[in-house]
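Derivation of every value follows stated rules applied to the coordinates shown; laboratory data play no part. No experiment lies behind these values; they were computed from the predicted model shown. Please note: Cβ atoms are built from the backbone with ideal geometry, for glycine as well, and neighbour counts cover all protein chains shown.
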Amino acid sequence: MRVEELAKTIDSTMLEPTATVADLERLCRDAAEHHFASVCVFPYFVPGAKKLLRGHDVKVGTVVSFPYGADTQRAKIQSAENAVAVGADELDVVMNIPAMLSGDFRYVRDELSSLVRAVRMKSVNAGRGLVLVKVIVEACYFDDKMKRLVCKIVEDSGADFIKTSTGKGPGGATAKDVELFRDLLSENVGVKAAGRIRSADDAEVMINAGAARIGTSHAVEIIKSFSADREI
């Protein structure tokens, strides 16, 4: 893999409560320099990120109902529509984890399907291109049987990606989960690995397992380490 190819799998993430506008400027400057796939920031930062990345080949992503997915369906859809309205190109939406763990599978499915439809309609009406929807499932909370059901719900919703983790839960991405998701899902749904991916080795393991995107707050370190290893 070339460094340019690795860079285009990376969503450079800034989802800490202490993040500032100065941090956003640094994030976007680095993303533009290294040509990352996207930056992923809080909704508050989306307009600023769009301005900073205008003319660059880096998308702006944001989160919806982060980190537990437990907002009401109406609130989640409104948040998603507002994110599209202010310029988000990609949405990382947290599945309703408490509802899933409670066995309310129909609610989870219907909520995600409604949200994906709303995003598609909003993007069309705004004259935008396709806005990607990635569903964060927080895989560490589920056994393999439940993970299979989660994959079916995500695929049936029409979402573009399944994402392993928020990075805020007790577990992060694992190669086992990425492989399982990749095996269970059709080619129409990508797999994004996120959570505790801190090194070039971590990223390569996830990509080799089948991840098409990597979410990390260590994007620059990963790229520099990857490049340095290949210069030896």
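If you take the beta carbon distance between T72 and D156 as r and set R0 to 22 Å, what does 1/(1 + (r/R0)^6) give as a FRET efficiency, to the nearest 0.05?
It comes out at approximately 0.55.
Out of all Cα-Cα pairs in the chain, roughly what percent, to the nearest whole number, are more than 28 Å apart?
For the chain, the fraction of Cα-Cα distances above 28 Å is 25 percent.
What Rg and what Dmax come out for the range 58-165 when only alpha-carbon atoms are used, in angstroms?
In order Rg, Dmax, the Cα atoms of the range 58-165 give 13.0, 41 Å.
Considering the range 116-155, what Rg and Dmax in Å follow from its alpha-carbon atoms?
14.0, 41
Measuring from a point 7 Å past the Cα of E16 along Cα-to-C-beta, which residues in the range 202-228 have an amide N at less than 16 Å?
Output list for this probe position: 216-222.
Of all chymotrypsin sites (Phe, Trp or Tyr not before Pro) in the range 27-127, which ones are in loop regions per DSSP and have a Cβ with at most 16 other Cβ atoms within 10 Å?
Here the chymotrypsin sites (Phe, Trp or Tyr not before Pro) that fit, given the DSSP loop and packing criteria, are Y68.
If I model the range 107-210 as equal point scatterers sitting on the Cα atoms and use the Debye formula, what is log10 I(q)/I(0) at q = 0.11, 0.14, 0.16 Å⁻¹?
After summing over all Cα pairs, the log10 values are -0.35, -0.55, -0.70.
Can you give me the distance in nm between label points at H35 and D110, each placed 7 Å from the Cα along the Cα-to-Cβ direction?
My value for the distance between the label points is 4.6 nm.
When the chain is modelled as a GNM with alpha-carbon springs shorter than 10 Å, which of K192, K51, K147 fluctuates the most?
The residue with the greatest mean-square fluctuation here is K51.
State to the nearest 20 debye the size of the charge dipole of the range 3-231 about its Cα centre, where the only charges are +1 on K and R beta carbons and -1 on D and E beta carbons.
Approximately 700 debye in magnitude.
Please turn the phi angles of the range 187-198 into ³J(HN,Hα) values with the Karplus equation 6.51 cos²θ - 1.76 cosθ + 1.60 (θ = phi - 60°), one per residue in order, whole Hz, x for glycine and proline.
5, 6, 10, x, 10, 10, 9, 8, x, 6, 9, 10
So, in nm, how far is label L101 from label D143 when the simple model puts each one 7 Å beyond its Cα toward the Cβ?
For L101 paired with D143, the spin-label model returns 1.6 nm.
Among G61, V21, A80, which residue has its Cα positioned farthest towards the positive end of the charge dipole of the range 1-97, with +1 placed on the Cβ of Lys and Arg, -1 on the Cβ of Asp and Glu, and the dipole taken about the Cα centre?
A80
Whole number please: convex hull volume per residue of the Cα set in the range 1-63, in Å³?
Value for the range 1-63: 71 Å³ per residue.
Name the most mobile residue of V60, V108, V86, meaning the one with the largest mean-square fluctuation, in a Gaussian network model of the chain with Cα contacts below 10 Å.
Highest fluctuation among the options: V86.
Do the sum for the chain: with -39,500 (n - 2.57) for every DSSP H run of n ≥ 4, divided by all residues, what is the mean residue ellipticity at 222 nm, to the nearest 500 deg cm²/dmol?
Taken over the chain, the calculation gives -14500 deg cm²/dmol.
Enumerate the amide H contacts of T166 below 5 Å, restricted to partners 5 or more residues apart or on another chain; note that Pro and chain-start residues carry no placed amide H.
E138
Which entries in the list K59/K147; K145/K192; K8/K50; K134/K224; K8/K192 go over 23 Å, if you measure between the two C-alpha atoms of each?
From the list (K59/K147; K145/K192; K8/K50; K134/K224; K8/K192), the Cα-Cα distance tops 23 Å for K59/K147; K134/K224.
Would you pull out the residues with amide H under 5 Å of T13's amide H, same chain only if 5 or more places away, H placed 1.01 Å from N?
Those lying under 5 Å, H to H, from T13 are C40, T216, S217, H218, A219.
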